[in-house]
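Encoded as structure tokens, the structure appears first; notes follow it.
What follows draws every value from the coordinates through simple rules; no lab data is involved. Not measured: the values here are computed from a predicted model. Cβ sites come from the backbone with ideal geometry, for glycine too, and all protein chains shown count toward neighbours.
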Amino acid sequence: MAYGIPLEIYQMLEKVLGKEDAQKAVEILQKSINESLESSEEKLKISISEDLKKELASKYDIELLRQEMKTLEVELKKEIEITRLEFKKDLRIAVIILIAIIVILNQNSLELLAKLIGIIK
């Protein structure tokens, strides 16, 4: 991006320094300003690049997340299986208790159970 000295400033320098010296001064100023602008642009690009590197996930970061997710998936599957087995066990116990309560509290079910077992004919 080239920078040009405004015409008014050139004209002022030309009045004070003369035409040749004013041209040399303007060339030196423009060169200095352009170099400064280029340096600033490069620093800005580097700064933006570094900021993006900090913010964006790399392939390594993504792979780490995948591994963590796989580990969590395995752990969750184990916990679900343990919970399922405990639930089955608790359900069996609850069914046995419920049947026992029904049999104890219902006289007809006692007679039916006795007939099934063969105690009463």
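Is the shape of the range 1-56 rounded, prolate or oblate, going by the alpha carbon gyration tensor and its root eigenvalues a ≥ b ≥ c, with a/c under 1.5 for rounded and a/b larger than b/c for prolate? The shape class here is prolate.
With a Cα cut-off of under 28 Å and a minimum spacing of 8 residues unless on different chains, the lysine pairs in the range 58-121 number 8. Using a simple spin-label model with pseudo-atoms 7 Å out from Cα toward Cβ, LEU72 and SER40 lie 4.5 nm apart. In the chain, helical runs assigned H by DSSP with n ≥ 4 each contribute -39500 (n - 2.57); averaged across all residues and rounded to the nearest 500, the mean residue ellipticity at 222 nm is -31000 deg cm²/dmol. The candidate values are (i) 0.94; (ii) 0.97; (iii) 1.86; the one derived from this structure for Rg/Rh (Cα atoms, Kirkwood Rh) carries the label (iii).
For the range 76-85, putting each phi into the Karplus relation 6.51 cos²θ - 1.76 cosθ + 1.60 with θ = phi - 60° gives couplings of 5, 4, 5, 5, 5, 5, 4, 4, 4, 5 Hz, in residue order, rounded to whole numbers and with x for Gly and Pro. Based on C-alpha pairs under 8 angstrom that are at least 6 apart in sequence, the chain has a relative contact order of 14 percent. Excluding same-chain neighbours fewer than eight residues apart, the lysines reachable from LYS19 by a Cα-Cα span under 27 Å are LYS31.
Between the helical axis of 19-55 and the longest alpha-carbon principal axis of the chain there is an angle of about 10 degrees.
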